[in-house]
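The values are calculated or read from the model by the stated rules, or taken from the named source; none is laboratory data. Keep in mind it's a predicted model, so treat the numbers as computed, not measured. Positions of Cβ are generated from backbone atoms using ideal geometry, with glycine treated the same way; all protein chains shown enter the neighbour counts. Note: accessible area is taken over every heavy atom of the protein model, side chains too, but ligands, DNA and RNA are not part of it. Shrake-Rupley method; radii C 1.70, N 1.55, O 1.52, S 1.80 Å.
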Amino acid sequence: MAPCPGTRHGLFGRAAKVWRLEAVSRAPILDFRRAVSFDRPAIHGEAGLPKDTLETSAALAPEVREPTAGVPVVRADAIRKSFGDNVVLDDVDLTVDAGEVLVVIGPSGSGKSTLLRCINLLEPVDSGRIFFEGREITASGVKVNQVRQQIGIVFQQFNLFPHLNVIDNLTVAARRVRKIPRATAEVRALELLRRVGLEEKARQYPHQLSGGQQQRVAIARALMMEPHVMLFDEVTSALDPELVGEVLIVMRDLARSGMTMIIVTHEMQFARDVGDILIFIDEGRIVEQGKPVDVLDQPKQERTRRFLRRSLQLAESLQELTVEEVESDEEGGKE
């Protein structure tokens with residue numbers, strides 16, 4: 001896979017350099033649909049482990065609610081969240097259907113990360129309700145840890161355990177939380193590492209990996225618990241530019257495999273290529289939403305246009321952007 005440059009005439013009638021992730025003929029697309037599951041063991045001999053070890057996985061699989069046809073995987077109704085006097089989310093509604101990729105863009109501090117943390121129950125909401133596969137997960141009495149096993153999340157920082165090698169980073173939660181035997185957990189871990197192109201790094205430690213490799217390990221680790229939806233919180237923002245593409249390729253192929261995803265990103269071309277729905281959030285409110293091509297190329301709201309203009313100018317050339325223009329845009333965004 002390699003990023004290929006291109007041009008398009010976008011929002012302001014001039015060509016802007018963009019990057020499209022395209023397949024190089026010699027590199028196969030990562031196929032997550034065949035990844036080994038705890039309730040669908042690998043074919044005997046496929047992973048090099050005894051048949052009786054592989055067959056134990058079906059019996060050990062936890063009881064998981066299957067998605068109901070026509071019911072959104074994630075639904076948020078009138079979510080409100082504050083930290084002291086600072087309102088971070090203000091009456092946010094969203095719906096994500098099975099297999100859908102929702103992309104969230106917006107300026108720093110607009111509430112994007114908090115939205116993901118509320119969906120994963122890492123932050124309690126002040127008001128409103130969040131539903132996961134038709135069941136309200138913000139209601140009292142919900143078993144939070146069980147919900148989190150089905151809602152994977154990957155953060156900006158890799159958060160790998162530095163004292164564990166890669167395969168132990170992947171298997172520790174499955175072994176301790178779901179009580180999966182080490183040998184059985186390692187079957188799935190090795191398969192997932194193969195899918196993200198890191199099978200040969202299984203016995204290495206995080207400090208021996210590049211930033212892009214660590215982030216791919218973090219994605220594989222989140223997939224170990226077989227989530228029904230994956231949340232990504234600006235996972236490329238801490239990476240060197242040369243390492244961004246390898247992570248975006250993994251996310252793209254995960255989306256192609258049918259995984260339901262909510263992605264917070266500043267990578268506009270990635271949002272265009274992968275997203276089904278795009279929302280622009282600012283000051284805790286959804287300002288605009290729609291198909292990525294519509295929102296990015298023909299935004300209806302002035303605040304969206306200002307944000308995208310600055311993003312395009314910064315991506316193309318800092319020489320075309322002055323401090324006065326930046327300050328003017330920032331002041332114009334305050335209401």
Query raised in the report: Looking at the square roots a ≥ b ≥ c of the eigenvalues of the Cα gyration tensor of segment 195-275, which shape do they give, rounded for a/c under 1.5, prolate if a/b is larger than b/c, or oblate?
Result: oblate
Query raised in the report: Quick one: net charge of Asp91's neighbours, Cβ under 12 Å, K/R +1, D/E -1?
Result: -2
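In percent, how large is the relative contact order of segment 203-272, given Cα pairs closer than 8 Å and 6 or more residues apart?
Numbers: 46 pairs, mean separation 27.5, N = 70.
It rounds to 39 percent for segment 203-272.
Which order do Asp297, Asp276 take by accessible area at a 1.4 Å probe, largest first?
Working: Asp297 45, Asp276 70 Å².
From most exposed to least exposed: Asp276, Asp297.
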Query raised in the report: Rounded if a/c is under 1.5, else prolate if a/b is larger than b/c, else oblate: which is segment 132-233, with a ≥ b ≥ c the root eigenvalues of its Cα gyration tensor?
Result: prolate
Query raised in the report: Residue by residue, what Karplus-based ³J(HN,Hα) values in Hz, rounded to whole numbers, does segment 81-89 have, using 6.51, -1.76 and 1.60 with θ = phi - 60° and x for Gly and Pro?
Result: 9, 10, 10, x, 8, 8, 7, 9, 10
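Starting from the Cα gyration tensor of segment 64-154, take the square roots of the eigenvalues, sort them a ≥ b ≥ c, and report rounded, prolate or oblate (rounded when a/c is under 1.5, otherwise prolate if a/b is larger than b/c, else oblate).
Details: a/c = 1.81, a/b = 1.41, b/c = 1.29.
It is prolate, given that a/c is not under 1.5 and a/b is the larger ratio.
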